[in-house]
1. Give me the one-decimal nm value for the distance between modelled label points at R68 and S171, 7 Å along each residue's Cα-to-Cβ direction.
2. So if each residue of separation counts as 0.36 nm, and I subtract the Cα-Cα distance between Y260 and L134, what length gain in nm does that give?
3. Once you charge only the Cβ atoms, +1 for Lys and Arg and -1 for Asp and Glu, what is the size of the charge dipole of region 166-252 about its Cα centre, to the nearest 20 debye?
4. Treat every Asp and Glu Cβ in the chain as -1 and every Lys and Arg Cβ as +1, leave all other atoms uncharged, and give the resulting dipole magnitude about the Cα centre to the nearest 20 debye.
5. So for the chain, taking the charge dipole from beta-carbon charges (+1 Lys/Arg, -1 Asp/Glu), which of N53, F100, P124 sits furthest toward the positive end?
6. Students often check this: by mean Cβ neighbours within 10 Å, which of 186-195, 173-182 ranks highest, and how do the rest follow?
7. Return the distance in nm (one decimal) between the two label points of a simple spin-label model at I24 and L90, each offset 7 Å from Cα along Cα→Cβ.
8. Provide the per residue accessible area, probe 1.4 Å, for region 55-277, rounded to a whole number of square angstrom.
Amino acid sequence: MAERRTLMDGIWRLLLLLWAVSIIFPVVWILYQSFRTNTAFFQDIWALPTSLNWDNYSKAWNDYNIGRSLVNTVYYVGVSLVLGTFLTTLNAYALTRMNFRGRKLIWALIMLSLFLPGINALVPQYILMKSLHLTNSLTGLIILDSFGENVFFLMLLGGFMSSLPRDLEESAFMDGASIFQTFWRIIVPLSTPGIVTVAIFKFLGLYNNFLGPFIYLGDPAKYTIGVNMYQANMKMQYTSDWVTMFAGVIIVMVPSILFYMMFQKRIMEGATMGAMKG
């Protein structure tokens with residue numbers, strides 16, 4: 001029995017190592033290739049750079065308009081994050097802390113949506129956005145992503161809120177507090193760990209979102225960072241300036257990597273806490 005357990009531990013460690021290598025190696029490879037010249041890259045794609053060619057980064061910043069796309073991304077992600085997190089918190093509170101007719105049916109429909117491919121909604125969604133004149137607009141994209149509820153986030157935060165004691169709410173109602181006052185002054189402070197966890201996951205999803213901006217944004221001046229880098233990649237079939245492309249990829253990766261490193265502990269704690277309480 002002990003030998004079998006040791007064997008299984010060894011297999012899991014090997015799988016974990018392979019998983020880590022499969023993620024880290026491509027990033028490291030792109031990083032050192034971004035410091036090479038195109039001539040050296042095409043001569044040997046595995047060779048290490050003989051010198052650090054920082055010009056690739058300045059060229060990527062200017063040629064790909066990364067600064068402008070980062071400003072667009074900050075606006076899109078920032079407003080969508082604040083508005084979307086607030087709406088998710090409201091929805092979770094209404095579905096877990098308030099008793100009204102049809103609440104269980106709404107939850108059942110929300111759970112049912114987990115089994116429906118999201119791609120099926122693209123056509124009617126686009127028709128609706130176009131009829132409301134919200135296409136080719138960052139504001140329209142913000143409205144779409146903010147009001148389009150994510151079932152996972154709702155379940156995570158709803159499971160967290162459902163475990164909170166109801167005595168505090170009842171005391172607040174007896175003291176004359178309204179529903180919104182109870183929500184804002186009692187539930188929100190107590191649910192801060194879950195709200196922060198949802199906000200972090202939303203940030204990572206919004207920053208790396210490609211499909212929505214790609215479909216709804218047609219003006220290059222409004223491109224987010226994901227669409228901008230996709231267009232830069234399409235140019236490679238004509239220019240083959242891969243080292244500049246690699247430098248652009250590294251620039252784009254830095255914000256999300258730093259954000260994840262800063263909040264990694266909060267992500268793990270919040271997700272675990274939400275799962276246990278749910």
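1. Reported label-point gap for R68 and S171 is 5.7 nm.
2. Working: separation 126, 0.36 × 126 = 45.36 nm, distance 3.15 nm.
Full extension from Y260 to L134 adds 42.2 nm.
3. 340 debye
4. That gives the chain a dipole magnitude of about 400 debye.
5. Most positive-ward Cα: F100.
6. Order by mean packing, descending: 186-195, 173-182.
7. The modelled label-to-label distance comes out at 4.5 nm.
8. 55 Å²
The values are calculated or read from the model by the stated rules, or taken from the named source; none is laboratory data. Note that this is a predicted model, so its numbers are computed, not measured. When we count neighbours, we look across all protein chains shown, and the Cβ atoms used for this are built from the backbone with ideal geometry, even at glycine. The area values use the complete protein model at the heavy-atom level, side chains included, leaving out ligands, DNA and RNA. Shrake-Rupley method; radii C 1.70, N 1.55, O 1.52, S 1.80 Å.
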